[in-house]
Every structure is written in structure tokens, then in C-alpha cells.
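Colleague: Starting off with a structure, shown below.
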Amino acid sequence: MHTDVVMTVETLGGIKTLKLNTAGGKVLTVRVDMGEPRLTRSEIPMRGDPNSRVISEPLKVGGKKIEITCVSMGNPHCVTFVDDVDRYPVEKIGPQIEKHPSFPARTNVEFVEILGRDEIKVRTWERGVGETLACGTGSCASVVAASLNDKASRRATVHLAGGDLLIEWAGNNRLFMTGPAEEVFEGKIDNRTV
């Protein structure tokens, strides 16, 4: 029998509400309320008119112009759409965008291939880290950017090297991320100290 358990977790990005889908005492999937996307330059942050949005805007990188869409999910993301994400030179272009003068706090970079209206494939260059296997906030930013550019719907499966996530940009402007759960740690909480 499947049951849902709701819990809250304090993170660096604030308190997150998680909905755990359980069966047989095990958590199968977790749905997280990731909050609302922020879209103005001042919220990302990005240089330029602080109240403007960055949607399909050209950015000069390495002598070429690429189109970018920027979203903050509490951390900055710069999304660009590519034809073949597996062959794209993420390790070359990622750091150039991350450290571009347009981003005073640097930025995470998502390279997105559109597979269909409800399916995208993403590679992420994380600021200060390099390419990562998965990124929850980057997946959310990618679906927002794809929707703003009318390339995908507001509900899409995101394929990442580390696994798949379902991202839903709800009508109330909140983003929900659902993914598989894996046990990596077991512990006990002493209620006397809580």
C-alpha cells in the first residue's frame, strides 16, 4: 500500500516541504516544493536593467553569440539550448559563461537539448565546481527557460547523467521536483534535544 508522508527540511535555500511516497516502509519517490523562479536581472543577479528579464538574449562567448535565458532558483542559472547536448563542449563553454562579466556573482550554466514538449536532456556546469551529474535547481531553471521560450511545457521530465527528475511549474508559480529516493544514511534523532 502506498502512503504519502509530508515533512519539512531546513536547507541553505530555506525550509523545503517534502512529500514522500512510501510503500512497504520504504520511500520510493520524493516531491519537493522548490519555490518560485525569479526572473529579473537584479534577482539573478546579472548586469543591465535590474527590472528586465533575460529571455533568449544574445551573449558573446568565445567570439560567438549564443542565446541565453536566465533564472534564479535562489542561485543563478544561465540556460542555453543546444542541438546535441552529448557532443556539446560543456567543459569549454561552461567556464566561459560562468565567469562572464555579465554575472557579478558568476553563474551556473545549463546546456539543454529539447527532446519533446515534455522531455528535455540537461548537462550542468556548476559555478566553482565544474560539470556535475545532476542539479535540482538547474533542472527547475531549465524547465522554466524552456517554457518561457515555448520549447517545452511547464511539466517535463529532465534527463541528467545522474538520473531523471520530473519538474512541474505549477499555476501558482511554484516549482515541484519529483525524483527517486535512495537510502544513503540511517540515523536516530534524540527527541530530548529537539
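The values are calculated or read from the model by the stated rules, or taken from the named source; none is laboratory data. Treat the numbers as computed from the prediction; the structure is a model and nothing was measured. Neighbour counts run over all protein chains shown; Cβ positions are idealised from the backbone, glycine included.
Colleague: In contact with a Phe, Trp or Tyr (Cβ under 8 Å, 6 or more places away or on another chain), modelled with pLDDT of 95 or more and either loosely packed, with under 15 Cβ neighbours inside 10 Å or closer than 28 Å to residue 87 by Cβ (or both) - does that describe any residue in segment 175-189?
Modeller: Checked against the condition, which is being in contact with a Phe, Trp or Tyr (Cβ under 8 Å, 6 or more places away or on another chain), modelled with pLDDT of 95 or more and either loosely packed, with under 15 Cβ neighbours inside 10 Å or closer than 28 Å to residue 87 by Cβ (or both), segment 175-189 yields no hits at all.
The rows are residues; the columns are (1) in contact with a strand residue (DSSP E or B) (Cβ under 7 Å, 6 or more places away or on another chain); (2) of a type in the set (A, V, I, L, M, F, W, C).
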site: 69; (1), (2): yes, no
site: 81; (1), (2): yes, yes
site: 90; (1), (2): yes, yes
site: 97; (1), (2): yes, yes
site: 104; (1), (2): no, no
site: 111; (1), (2): yes, yes
site: 122; (1), (2): yes, yes
site: 125; (1), (2): yes, yes
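Colleague: Give all pairs with beta carbons closer than 9 Å in which a residue from segment 141-159 that is without any contact (Cβ under 8 Å) to a residue 40 or more places away in the chain and surrounded by fewer than 20 Cβ atoms within 10 Å (Cβ to Cβ) meets a residue that is in a loop (DSSP other than H, G, I, E, B) and aliphatic (A, V, I, L, M); count only pairs at least 6 apart in sequence or on separate chains.
Modeller: These pairs meet every condition: 154/170; 155/170.
Colleague: Does residue 120 meet the test of being touching an Asp or Glu at 6+ places or on another chain (Cβ under 8 Å) and buried (at least 18 other Cβ atoms within 10 Å of the Cβ)? Give the derivation first.
Modeller: On the way: touching an Asp or Glu at 6+ places or on another chain (Cβ under 8 Å): yes; buried (at least 18 other Cβ atoms within 10 Å of the Cβ): yes.
So residue 120 fits the description; yes.
Colleague: Take residue 113 and decide whether it is within 17 Å of residue 78 (Cα to Cα), touching a helix residue (DSSP H, G or I) at 6+ places or on another chain (Cβ under 9 Å) and charged (D, E, K, R).
Modeller: Details: within 17 Å of residue 78 (Cα to Cα): yes; touching a helix residue (DSSP H, G or I) at 6+ places or on another chain (Cβ under 9 Å): no; charged (D, E, K, R): yes.
Considered against the rule, which asks whether it is within 17 Å of residue 78 (Cα to Cα), touching a helix residue (DSSP H, G or I) at 6+ places or on another chain (Cβ under 9 Å) and charged (D, E, K, R), residue 113 comes out as no.
Colleague: Looking only at segment 164-194, which residues are in a strand (DSSP E or B) and either closer than 19 Å to residue 73 by Cβ or of a type in the set (Phe, Trp, Tyr) (or both)?
Modeller: First, the residues of segment 164-194 that are in a strand (DSSP E or B): 164-169, 175-180.
Matches in segment 164-194: 164, 165, 166, 167, 168, 169, 175, 176, 177, 178, 179.
Colleague: Quick one: which residue in 121, 99 is out of contact with any helix residue (DSSP H, G or I) (no Cβ under 7 Å at 6 or more places or on another chain) and touching a residue at least 24 places away in the same chain (Cβ under 8 Å)? Reasoning before the result, please.
Modeller: Working: 99 fails: touching a residue at least 24 places away in the same chain (Cβ under 8 Å).
Matching residue, one of 121, 99: 121.
Colleague: Considering only residues of segment 38-52 that are within 14 Å of residue 74 (Cα to Cα) and of a type in the set (S, T, N, Q), which is surrounded by the fewest Cβ atoms within 10 Å (Cβ to Cβ)? Quick ask: steps written out before the conclusion?
Modeller: Residues of segment 38-52 that are within 14 Å of residue 74 (Cα to Cα), as a first pass: 38-46.
When the remaining residues are screened for being of a type in the set (S, T, N, Q), the result is 40, 42.
Numbers: 40: 17, 42: 13.
If we take residues in segment 38-52 being within 14 Å of residue 74 (Cα to Cα) and of a type in the set (S, T, N, Q), then 42 is surrounded by the fewest Cβ atoms within 10 Å (Cβ to Cβ).
Colleague: Still on this structure, I have one more. Do we find a residue being in a loop (DSSP other than H, G, I, E, B) and either crowded, with 18+ Cβ neighbours inside 10 Å or of a type in the set (Lys, Arg) (or both) anywhere in segment 56-68?
Modeller: Let us first name the residues in segment 56-68 that are in a loop (DSSP other than H, G, I, E, B), namely 56, 62-63.
After this cut, where a residue has to be either crowded, with 18+ Cβ neighbours inside 10 Å or of a type in the set (Lys, Arg) (or both) as well, the list is none.
No: zero hits.
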